[in-house]
There are 2 protein chains.
Amino acid sequence: MEELTERQKLILTLIIHEYARTATPVGSKGLVDQYRLEMSSATVRNEMASLTERGYLRQPHTSAGRVPTEEGYRFFVGRLLHQTDLPDSTQRMISHQFYQTRRDVEQWMRLAASVLAHQSHAASMITAPHPERARVKHIELISTRGRQVLIVVVMVGGEIHQRLVTLSEPVSQAQLSATADRINQLCQGKDFEDVYSSRSTLPSLEQDVISWVKEEIEHKDTLAAGEIYLDGIANIMSQPEFSGTEDGRRTLRILEERSLLQNVLTRTLMHSSFGGVEVLIGGEGTWEELRQCAIVLSRYGVPGLASGTLGVLGPMRMSYGRTISTVRFMSSLLSDLVSETLVE
Amino acid sequence: MEELTERQKLILTLIIHEYARTATPVGSKGLVDQYRLEMSSATVRNEMASLTERGYLRQPHTSAGRVPTEEGYRFFVGRLLHQTDLPDSTQRMISHQFYQTRRDVEQWMRLAASVLAHQSHAASMITAPHPERARVKHIELISTRGRQVLIVVVMVGGEIHQRLVTLSEPVSQAQLSATADRINQLCQGKDFEDVYSSRSTLPSLEQDVISWVKEEIEHKDTLAAGEIYLDGIANIMSQPEFSGTEDGRRTLRILEERSLLQNVLTRTLMHSSFGGVEVLIGGEGTWEELRQCAIVLSRYGVPGLASGTLGVLGPMRMSYGRTISTVRFMSSLLSDLVSETLVE
DNA sequence: TTTAGCACTCTCTTGTTTAGAGTGCTAAAA
DNA sequence: TTTTAGCACTCTAAACAAGAGAGTGCTAAA
């Protein structure tokens, strides 16, 4: 079967646009009227029939209008992916907000989630930039009460870990500080993994501390990498396809449980390049729960140092043009911010 | 008008129970059948009429059953507040989960939110324990790149703040460490407020650092006190009164925006004692947006040192018995945990 | 190749009817 | 005096029917 004609592409595009707007199947007559097309509804009907045959459109029932299929959206998005850009004024407005706030990752994440949600009228999600290699910049041991010691770890990249541990016997603050100093020396410029594996020759206190730090780092790697900032949930729950339906509840549960989300984000983070935008439509056969949804994702950060993922989750009929360009822009903006404030 | 008779109280209680179960107005006949009452439906009808007159019940329309009013719930909850307790087995099960996980506030918050949501079948919210007086336990200055310096502040209580600042001229790590040491000396056992106000005689670097720290602490006090852990949103969105309705969307927005929530939580935190449970029904005239909801709240922590708030938000017909006992138990459990792990 | 025309098929809305649940009142029973 | 059986009445929600409207595919003419 041959390529689509320009006119067919136009009609497909218009149907997608109209369906995004109204959320109801779009018919030939309405389309011609709405967009002042230079052809009759009969012509549109013929093209629609052809598009339906090719699997880009679908009829809910015999006498209803057409609705785009997943295939239809994929085709549309494929053409869209490398062209649209956010208006300059919007870009400046957004940047401004970021450069006005404090240099605080947490706030940036919230702000980013908020901007994404607002621009796309959908739900947004973003993970904080996560360092690729675990290197300890600085470690501090603080005696608190009895044998309790607070370990504070500053990673290269600026992340901070803390952990409260109980020693087997009391140790003075002076000794603790000295121990911390020695460990700091060892960590200088090395991956923490290496420090950990060469710990066997050290005194037992040092060894213990290094083990605790290691545990903490890995702990956060697995668990609190689950820290996903969300926003705009209310946006999608007021869409008709989610509002009162079982699908809506399922989607809400996905957002809340975060394990599936985590799954999707990390999988994208794995084999995706920086700055590029990925679009998952209808779960792509892998995630049954996302049947009704589409996700627009991008990885951001500084290659080799730290990276995170951000994206938008919405109904399949979301406004892809706007969403994709917003995601792309936010990705590059955050990459800039991260590279400017990386602690080395 | 006299007190309610025992029988009226019984009927009111049963209606509340039945309405919580079915979410539909409950009629005299059904009530007698369901609970095998030793009286006829006509008697129940008479009592219902009386309860309606007193404002504890309400009829959606002439030939419908009765629905509890806010007043009805208040009366019911007032009687309930000081008696119910979570089953021992449940208490042990929950404690076990907490003592099994790491001593990590973030995880505790997540776990607490999850437990509350599960037990109450509603939405839960909880804020991390926040120290009452700001006292700095330890401060650290770490040189990163050029004139950038990372300030790490460990508060009494265990909170950690970090902030990246840019000095006006480069300072060596050794000098930074010395400065940090001097400030640490000053902070020993004092409220940071006092350190701040007596800073004028210090060298300019010290003064700058103290100002930055002060800013950071206040910043977190106002903004990131907004860190509210939520769970169970899906629970309430699948309740019939929220599912497809405008009220549902409004409630969702409340949970997402958090400013109103913040408002409610802090206001409770102000004039509420520790361990006690507060129940807000239908916004209590103050919060129009919560018309359909009820909130069960408690303050937890260690008086004078650190405290947070936890609670459950659900439909007004929520199961108060279970919710109140869960909230009370969680409040005391978390208080214990906080007091055990406070950094002094 | 496009389009006007038309018969046909669905759904959605609207109006009507009906069954059922629930009420309040009255009068008899306890 | 309190409870209950009986009954007329009210209102909702479900069921059904009818008609309007939107949309389609096909055919034949432009």
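Tabulated data
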{"read-out": "Candidate set from the range A:24-51 (those that are within 33 Å of the chain's Cα centre (by Cα) and open to solvent by 30 Å² or more (accessible area, probe 1.4 Å)); member that is farthest from A:F75 (Cα to Cα)", "value": "A:T24"}
{"read-out": "Which listed residue is in contact (Cβ under 8 Å) with a residue 24 or more places away in the chain, farther than 30 Å from A:K220 by Cα, more than 16 Å from DNA strand C (Cβ to nearest atom) and in a helix (DSSP H, G or I), from B:F98, B:F76", "value": "B:F76"}
{"read-out": "Condition broken by A:F98, with the remaining ones in (1) touching a helix residue (DSSP H, G or I) at 6+ places or on another chain (Cβ under 9 Å); (2) among the aromatic types (F, W, Y); (3) open to solvent by 30 Å² or more (accessible area, probe 1.4 Å) satisfied", "value": "(3)"}
{"read-out": "Scan of the range A:317-333 for residues that are touching a Gly at 6+ places or on another chain (Cβ under 8 Å) and either surrounded by 22 or more Cβ atoms within 10 Å (Cβ to Cβ) or more than 25 Å from A:I281 (Cα to Cα) (or both), ordered by number", "value": "A:T323, A:V327, A:S331"}
{"read-out": "Counted residues, the range A:22-74 - those being touching an Asp or Glu at 6+ places or on another chain (Cβ under 6 Å) and either at positive phi or within 8 Å of DNA strand D (Cβ to nearest atom) (or both)", "value": "2"}
{"read-out": "Hey, A:T201 polar (S, T, N, Q), surrounded by 16 or more Cβ atoms within 10 Å (Cβ to Cβ) and either more than 14 Å from chain B (Cβ to nearest Cβ) or touching a helix residue (DSSP H, G or I) at 6+ places or on another chain (Cβ under 7 Å) (or both) or not", "value": "no"}
{"read-out": "Pair list, Cβ under 6 Å, 6 or more apart: the range A:1-23 residue within 14 Å of chain B (Cβ to nearest Cβ), other residue away from DNA strand C (no atom under 15 Å from the Cβ) and open to solvent by 70 Å² or more (accessible area, probe 1.4 Å)", "value": "none"}
{"read-out": "Lone unmet requirement of (1) among the acidic types (D, E); (2) within 16 Å of DNA strand C (Cβ to nearest atom); (3) open to solvent by less than 30 Å² (accessible area, probe 1.4 Å) for A:D104", "value": "(2)"}
{"read-out": "Failed item in (1) open to solvent by 40 Å² or more (accessible area, probe 1.4 Å); (2) more than 22 Å from the chain's Cα centre (by Cα); (3) of a type in the set (D, E, K, R), with A:E216 passing the rest", "value": "(1)"}
{"read-out": "Selection within the range A:103-149 - without any contact (Cβ under 8 Å) to a residue 40 or more places away in the chain and within 12 Å of chain B (Cβ to nearest Cβ)", "value": "A:D104, A:E106, A:Q107, A:L111, A:I142, A:S143, A:T144, A:R145, A:G146, A:Q148, A:V149"}
{"read-out": "Subset of the range A:107-129 [out of contact with any strand residue (DSSP E or B) (no Cβ under 6 Å at 6 or more places or on another chain), of a type in the set (S, T, N, Q) and buried (at least 18 other Cβ atoms within 10 Å of the Cβ)]", "value": "A:Q119"}
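The values are calculated or read from the model by the stated rules, or taken from the named source; none is laboratory data. Keep in mind that this is a model prediction, so the values were computed, not measured. Reconstructed Cβ throughout: ideal geometry from the backbone, glycine too, with neighbour counts over all protein chains shown. Areas reflect the complete protein model, heavy atoms only, side chains present, ligands, DNA and RNA absent. Shrake-Rupley method; radii C 1.70, N 1.55, O 1.52, S 1.80 Å.
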